[in-house]
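Undergrad: One structure, pasted below without further comment.
The values are calculated or read from the model by the stated rules, or taken from the named source; none is laboratory data. The structure displayed is predicted, hence computed values, not measured ones. Every residue, glycine among them, receives a Cβ derived from its backbone with ideal geometry; neighbour counts consider all protein chains shown. Protein only, heavy atoms only, side chains kept; ligands, DNA and RNA dropped before computing areas. Shrake-Rupley method; radii C 1.70, N 1.55, O 1.52, S 1.80 Å.
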Amino acid sequence: MQTIVYSTHLCSQRNSCEKLSCKNYEAVFGNNANKKIGEHLPVDLVIEILCRLPIKSLTVFKCVSKSWNKLISDVCLPRISADICVLNLYRGKYRRLHDSYHFSEKSPELNYVGSIPKDDDDNTRYCQVDCCNGLSLYQAVSVCRYVVVSLATNQCFSIPEPLEVSGQSFAAIVFDPVKSNDYKIVLPCPRIDSPMVDIFSSEYGKWVRHKVPGNWVKHLLVPGSDNPKHRWIKWAKKAVYLNGMLYILTLKKKMCLVQFDLKSATVSAQVIKVPCSGGPSGLIGHSKGVLYYTNYDKKCRLLMWQFDHHNTTGSVWILKYCIRMNDMLGKNQATLPTMKVFDRWPDRLFEPFGIHPFLDIIFLGLQGRVYSYHLESQKCEIVWWPDRCMSWRDDVVYPFSYSYVNVKDFRKPDQLITIMDAIMANVSGDDTIDQRGND
């Protein structure tokens, strides 16, 4: 087996963003993109100019016309979001947010000026428990109550009470701003006899219970209690939402992947075996639209597999990288003083903490510090030293980006949207909207 097996589909962050932009504006405008955007400038140059403007200016320019609104919402804002990567550190059994670090040269524009709401009666305190593509999910400490926050667009939504009130349990938020401005909260129900999943959708503004048959519950359920009321879904080590699928990596001694298909009205689930499932260092993450799983093998090599959803190779897992600690440290002598490993180091020196969503980088933990390892250049460097020491058993680093796409407010009716659609449909000429009002 080779020491490193490079992935041929991985490319630079800029090239990935450019491909994303081209794909999006072709889907929005078709073959007449240049004609609809401008008579004098090509559309790719317009995109480049708009992406260099402040976010507040872009939100104003969305009112110019239908074409500009689509271009900024579907192309520019997702591309700007992809330029910023934030590392969220979740600590403890219930995976509560402890700290954040901006792993980008560009600082994000955060418009959130409010605070997480508190109940005046019981002074409820909220902790962030999950994040997905710019949205953060907060859960009340003492009661089963959730709040969704978008720091980039200054939006905060108090979610209605779930169908079944329980204590601390697993919950995940799923959101894809490129495809829709709707989000969902997934709350599995710990019942062996009748497996179910409660899902809140911002599209409908309510919780809906789905019967999801299968043996997936026993892989997530906390053992040691025969009373169903005392059972709950154990907090997974990592959850990833990608292409309408929610992937949950279990915390059992023998790890596995639980996949929930959320694309259709009928929710389904299946259990997927992972390679090297016996090790405690397993981790999942996504990069450039691909799901990855990483763990140590019996020879103490850090392996990284790509998930083949369509199973085109005869196996759902394709080995992409094999990293040896000796080779890594031998090529990064300048970083050794920060590791304090001296003459001899353990075979499993690092613990995988996260995968960069846009670059060929994996984040590794060592002695309370976070290192970035570039899979192509094989360069390892320290990037973050949190205030408190990290533990690979309980701590998880979630790399994510901010989203500047306005999230749909389920509390408001769609009457305003219907009126605006009617106005847009009656606009003629160069589809410019008259903002002057009635004088």
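Undergrad: What is the one condition in (1) modelled with pLDDT under 60; (2) within 30 Å of R369 (Cβ to Cβ); (3) open to solvent by 40 Å² or more (accessible area, probe 1.4 Å) that E109 does not satisfy?
TA: Here E109 clears every test but (1).
Undergrad: Would you check if G285 is of a type outside the set (S, T, N, Q) and not in a strand (DSSP E or B)?
TA: Judged against the criteria, G285 is not a match.
Undergrad: Can you tell me which residue is farthest from P177 (Cα to Cα) among those in the range 306-319 that are surrounded by fewer than 22 Cβ atoms within 10 Å (Cβ to Cβ) and in contact with a strand residue (DSSP E or B) (Cβ under 9 Å, 6 or more places away or on another chain)?
TA: My answer is L319.
Undergrad: Return the only residue of A265, A269 being in contact (Cβ under 8 Å) with a residue 40 or more places away in the chain and not in a helix (DSSP H, G or I).
TA: A269
Undergrad: Could you list all residues from the range 139-154 that are at negative phi and either small (G, A, S) or at pLDDT below 90 (or both)?
TA: The answer is Q139, A140, V141, S142, V143, C144, R145, S150, L151, A152, T153.
Undergrad: Within the range 301-317, identify whether any single residue is out of contact with any Cys (no Cβ under 7 Å at 6 or more places or on another chain), part of a loop (DSSP other than H, G, I, E, B) and either at pLDDT 90 or above or closer than 24 Å to V217 by Cβ (or both), and answer yes or no.
TA: Within the range 301-317, one or more residues are out of contact with any Cys (no Cβ under 7 Å at 6 or more places or on another chain), part of a loop (DSSP other than H, G, I, E, B) and either at pLDDT 90 or above or closer than 24 Å to V217 by Cβ (or both).
Undergrad: Taking F170, is it at pLDDT 90 or above and under 19 Å from the mean Cα position of the chain (by Cα)?
TA: Criteria not met by F170.
Undergrad: I need the strands (runs of 3 or more DSSP E) fully contained in the range 140-192, keeping only those with at least 1 residues that are within 24 Å of W216 (Cβ to Cβ) and either open to solvent by less than 50 Å² (accessible area, probe 1.4 Å) or out of contact with any Leu (no Cβ under 9 Å at 6 or more places or on another chain) (or both).
TA: 146-150, 172-175, 183-189
Undergrad: Next question. Of the conditions (1) in contact with a His (Cβ under 7 Å, 6 or more places away or on another chain); (2) outside any strand (DSSP E or B), G278 satisfies every one except a single condition; which number is it?
TA: (1)
Undergrad: To continue, here is another question. Restricting to the range 70-86, give me the number of residues that are open to solvent by 50 Å² or more (accessible area, probe 1.4 Å) and assigned to a helix (DSSP H, G or I).
TA: 2
Undergrad: Hey, another quick one. Are any of the residues in the range 6-23 at pLDDT below 80 and touching a strand residue (DSSP E or B) at 6+ places or on another chain (Cβ under 6 Å)?
TA: Yes, because at least one residue in the range 6-23 is at pLDDT below 80 and touching a strand residue (DSSP E or B) at 6+ places or on another chain (Cβ under 6 Å).
Undergrad: Further question on the same structure: If you go through the range 289-300, how many residues are buried (at least 21 other Cβ atoms within 10 Å of the Cβ) and more than 15 Å from L257 (Cα to Cα)?
TA: So the answer is 1.
Undergrad: When only residues in the range 245-266 that are open to solvent by less than 10 Å² (accessible area, probe 1.4 Å), at pLDDT 90 or above and of a type in the set (V, I, T) count, which is farthest from M196 (Cα to Cα)?
TA: Here the answer is I248.
Undergrad: All but one of (1) modelled with pLDDT of 80 or more; (2) surrounded by 17 or more Cβ atoms within 10 Å (Cβ to Cβ); (3) in contact with a helix residue (DSSP H, G or I) (Cβ under 8 Å, 6 or more places away or on another chain) hold for Q128; state the number of the condition that does not hold.
TA: That leaves (3) as the condition not met.
Undergrad: Tell me yes or no: at least one residue of the range 412-434 is among the charged types (D, E, K, R), modelled with pLDDT of 50 or more and in contact with an Asp or Glu (Cβ under 9 Å, 6 or more places away or on another chain).
TA: No, because not a single residue in the range 412-434 is among the charged types (D, E, K, R), modelled with pLDDT of 50 or more and in contact with an Asp or Glu (Cβ under 9 Å, 6 or more places away or on another chain).
Undergrad: Continuing with the same structure: Looking at the range 41-67, which of its residues are part of a helix (DSSP H, G or I) and open to solvent by less than 60 Å² (accessible area, probe 1.4 Å)?
TA: Passing the criteria: V43, V46, I47, E48, L50, I55, S57, L58, S67.
Undergrad: Return a yes/no flag: does the range 211-232 have any residue that is at pLDDT 90 or above and not in a loop (DSSP other than H, G, I, E, B).
TA: yes
Undergrad: Something else about it: When residues of the range 353-370 are filtered for being over 17 Å from the mean Cα position of the chain (by Cα) and under 17 Å from G282 (Cα atoms), how many remain?
TA: The qualifying residues number 4.
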